[in-house]
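These notes are about the structure you will find just below.
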Amino acid sequence: MSLTVAEVQANDPAERAYVDALEAYVDDVDVEVASRTASVAGDRIHYLEAGDGPPLLCLHGLSTNAATWLPLFDALADEFRVVAPDRPGRGLSTAVDYATVDFREFGVDYVTGLMDALDVDATRVLGNSLGGMQALHLQVDHPERVDRTCLVGAPGGLSRKVPWVFRLTYAPKVGPWLFRRSIADSLDDAREQWNLINLEDDSALDDALLEVGLAGERVPGQTDSLVALNTTAGTLRGGMHARFVVRDELETSTVPTRFVWGTEDFFWPPAVGRPVADAMPDGEMVVLDDHGHTPWLEPTTDARDAILAFLSPE
């Protein structure tokens, strides 16, 4: 792994520990990847990069980080310039107080700002969960910057309904406490949570990826940023805020879009996504039996194959 972020290595011990955990996971996955930073609106955006083909931007989920995409890097980097940023407040990117910003606007602005910093006019986008919602916001708000979009795992932004266990974390006062209590602080806890929320079969889930997540929560400001983002996502009674939901706007989006959706997704079943895909001018749906919310981390290659078949240069 090539680390070009000297300021990270010289900064907080928790950041250095995160870099060490990231290096260990890269060694396990056995991929060639660079770790870099860009300045966007005065904030540091850390990203992982590999390959030199047409650009592909990978946007991770709520509680994860850029390292989640590393098992796909070997296959993707053969065809693309893969860029996977840590969302502000995750990994090594600057922590943001999401109580002070509108996430729809902010989530699009930092992505387009990163694209500008990397001289990328338009890109393919791969998104998971919250990152999938960001991808949909990007293609609706800035369609000229998106060549095609692949949503792997149920994306946010299609329904206000969320599982009750998450809706409880939107409650005033008690919600942030509940969410903070739910954040794993040990390897066993982390694996248990992945089994509950993200995977049907964790046999291919590397402990080293879990260690990256645990190290990230120890970076100053990151957990506070995560809690603030979750708290501002919705309300106890109403679920996800209506301003984040774009299913109606997608009916006129001409960006080619594929949903890759596991039948056992924790958040929403494929039935939520199918009518959206059917209503889009160029939408399609791939359903994977017995796959969860992060289907590319299941033991099969089904999700990877569905992603590559759609995103690969024609």
Expressed in nm to one decimal, what extension gain is obtained for the pair Thr112 and Arg237 from 0.36 nm per residue of sequence separation less their Cα-Cα distance?
-> 41.7 nm
Yeah, the stretch 2-311 with a ≥ b ≥ c from its alpha-carbon gyration tensor (a/c under 1.5 is rounded, else prolate when a/b outruns b/c, oblate otherwise) is rounded
Mind listing which chymotrypsin sites (Phe, Trp or Tyr not before Pro) in the stretch 167-225 are in a DSSP loop and have 10 or fewer other Cβ atoms within 10 Å?
-> none
Considering the alpha-carbon set of the stretch 194-292 alone, what are its Rg and its Dmax in angstrom?
-> 16.9, 44
Name the residue farthest towards the positive end of the dipole of the chain from the options Leu226, His241, Leu48, assuming +1 on Cβ of Lys and Arg, -1 on Cβ of Asp and Glu, about the Cα centre.
-> His241
At most 13 other Cβ within 10 Å, DSSP loop - chymotrypsin sites (Phe, Trp or Tyr not before Pro), the stretch 241-298 = none
Between Lys173 and Glu79, take the C-beta separation as r, use R0 = 41 Å, and let me know the FRET efficiency to the nearest 0.05.
-> 0.25
The chain, Gaussian network, Cα under 10 Å: of Val227, Val101, Val219, the residue fluctuating most is Val101
Could you state the number of Å between the C-alpha centres of the stretch 251-289 and the stretch 38-83?
-> 23 Å
For the chain, give the magnitude of the charge dipole about the Cα centre (Cβ charges: +1 Lys/Arg, -1 Asp/Glu; no others), in debye to the nearest 20.
-> 1520 debye
Search the structure for amide H atoms under 5 Å from the amide H of Met285, placed 1.01 Å from N in the peptide plane, and list their residues when 5 or more places away or on another chain.
-> Phe259
Peptide ranges 109-117, 153-161, 52-60 listed from the most packed, as the mean C-beta count within 10 angstrom indicates = 153-161, 52-60, 109-117
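Under the rule a/c < 1.5 gives rounded, and otherwise a/b versus b/c splits prolate from oblate, where does the stretch 253-314 land using the Cα gyration tensor?
It comes out oblate by the Cα gyration axes.
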Counting only residues 5 or more places away or on other chains, whose amide H sits under 5 Å from the amide H of Arg148 once H atoms are built in the peptide plane?
-> Arg124, Val125
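Each value in this text was obtained by applying a stated rule to the coordinates, not by laboratory testing. Bear in mind the structure is a predicted one, so any value in this text is a computation, not a measurement. We place every Cβ from the backbone using ideal geometry, glycine too, and count neighbours over all the protein chains shown.
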